[in-house]
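Student: Submitted below is the structure of interest, expressed as structure tokens.
The values are calculated or read from the model by the stated rules, or taken from the named source; none is laboratory data. Just so it is clear, the structure is predicted and the values come from calculations on it, not from any experiment. Surface areas here come from the heavy atoms of the whole protein model, side chains and all, with no ligands, DNA or RNA. Shrake-Rupley method; radii C 1.70, N 1.55, O 1.52, S 1.80 Å.
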Amino acid sequence: MGIGDGSSNGNQQPVHKEIRDETTPLLPVKVEEDEGFHEFNGASFSGAVFNLSTTIVGAGIMALPASIKMLGIIPGILLIILVALLTEASIDMLVRCSHQGKITSYGWLMGEVFGQWGRIALQASVIINNVGVLIVYMIIIGDVLSGTTSGDVHHRGILEGWFGAHLWNSRAIVLLATALLVFAPLVSFKRLDSLRYTSALSVALAVVFVVITAGIAIIKLFNGTVAMPKLFPELDGLNSIWNLFTAVPVLVTAYICHYNVHSIDNELEDRTQIKPIVRTSLFLCSSVYIATSFFAYLLFGEGTLDDVLANFDANLGIPFSSVFDDIVRVSYAAHVMLVFPIVFFALRLNLDGLLFPTSRHISRDNKRFAIITVSLLAVIYLAAILIPSIWDAFQFTGATAAVLIGFIFPAMVILR
């Protein structure tokens, strides 16, 4: 008898009912005919790859060049590859266990294995991680459009460079407009596959950023205006060794996508495709990460900032430098805007599952859906105004919730 089966034979029915109440799936299952989703025939392979890749390639790509600056090119690239392999292994654990038990969400899996507190631990970790990541996205958009200050140096944003400093293009106003005009419509979708086209566009915009950065770095390399990059870290004391460990959370955060894997898996037309989808996405994202990290560090050297986009506000030493600066920053700001709803999707579902574990699914309650959506957008907006650097946010989320979601919880499931 399956979970939710209406039969009343034997004494098993109350047990199954209890499990369902405590571990209600956080993500919608594929077949929901009673709710009018029967016309949905399943997500395609390409759509799933784009959605998962968009979940992965978010703000992490902007902080990775700073990690390479700390670690050196060779250790940095090796760590990027290593974390990708570990991520594939951990996702494979979750998918294998879920398919064996016909489980449709990460939270449900944790609840099946560890009970109610396991589910709560997972939900809380996803909330902490995703709130931190979405705050980073907001900070990046503010840096790109309104500018940022690093030390005594002010890096002008695009709007400030075009129109000068005004109240209407200040950080608070620009982020508010972005939240209302861009994020609010995109986070209103109730099915992840509805975002497949914006996900495809976001991946394309990330590739544009990589191609332009690589092209500029190669041109300057041939012109002899690029300094020799650091291959290995410089260790000159305890502080330098400690700084190396601060780069690890950034690398870990860059690959966290586990909270959306079940949602993508549930919507697939052929669920046996989830493993090749994960491999394809990780290969694509690793290639983008390595290329971006290498060429951005090669281009800016030791002047690479925590948010490398802030480096694209000065003369790059090539013709039409200002044009390329603006193209890079606009394309990546648009990319981050399109990534936002993918990560927000899982955040909203997990918060609702934590606060209302026994209520019907949030997609079937418009009032609850709207209240949680608006509340989360407001909290993320205010935090982005108050937190000055993406490095601070990444260190917090990467050192806490991201490690739990991506590596510790999957290992615990397998061991149990």
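Student: Pull up all non-local amide H partners of residue 43: gap of 5 or more, or a different chain, and H-to-H distance under 5 Å with H placed in the peptide plane.
Tutor: Close amide H contacts, sequence-distant or interchain: 268, 269.
Student: Also: For segment 108-220, what class follows from the C-alpha gyration tensor (a ≥ b ≥ c being the square roots of its eigenvalues): rounded when a/c is under 1.5, otherwise prolate if a/b is larger than b/c, else oblate?
Tutor: Taking the square roots of the gyration eigenvalues as a ≥ b ≥ c, segment 108-220 is prolate.
Student: Per residue, how much accessible surface does segment 45-415 expose to a 1.4 Å probe? Answer in Å², no decimals.
Tutor: Heavy-atom SASA per residue in segment 45-415 reads 40 Å².
Student: Using modelled amide H (1.01 Å from N, peptide plane; none on Pro or chain starts), what sits under 5 Å from the amide H of residue 147, excluding residues fewer than 5 places away?
Tutor: 157, 158
Student: Pairs of alpha-carbon atoms within less than 8 angstrom and 6+ residues apart define the contacts here; what relative contact order does segment 45-415 have, in percent?
Tutor: Relative contact order comes out at 41 percent.
Student: Report, in whole Å, the centroid distance computed from the Cα atoms of segment 57-126 and segment 340-357.
Tutor: 17 Å
Student: When only C-alpha pairs under 8 Å and at least 6 residues apart count, what is the relative contact order of segment 73-129, in percent?
Tutor: 18 percent
Student: Mind listing the Cα extents of segment 45-415 along all three principal axes, in Å, largest one first?
Tutor: The Cα atoms of segment 45-415 stretch 60, 45, 40 Å along their principal axes.
Student: Expressed as a whole percentage, what fraction of the accessible surface of segment 45-415 belongs to carbon and sulfur atoms when a 1.4 Å probe is rolled over the protein heavy atoms?
Tutor: The value for segment 45-415 is 70 percent carbon and sulfur by accessible area.
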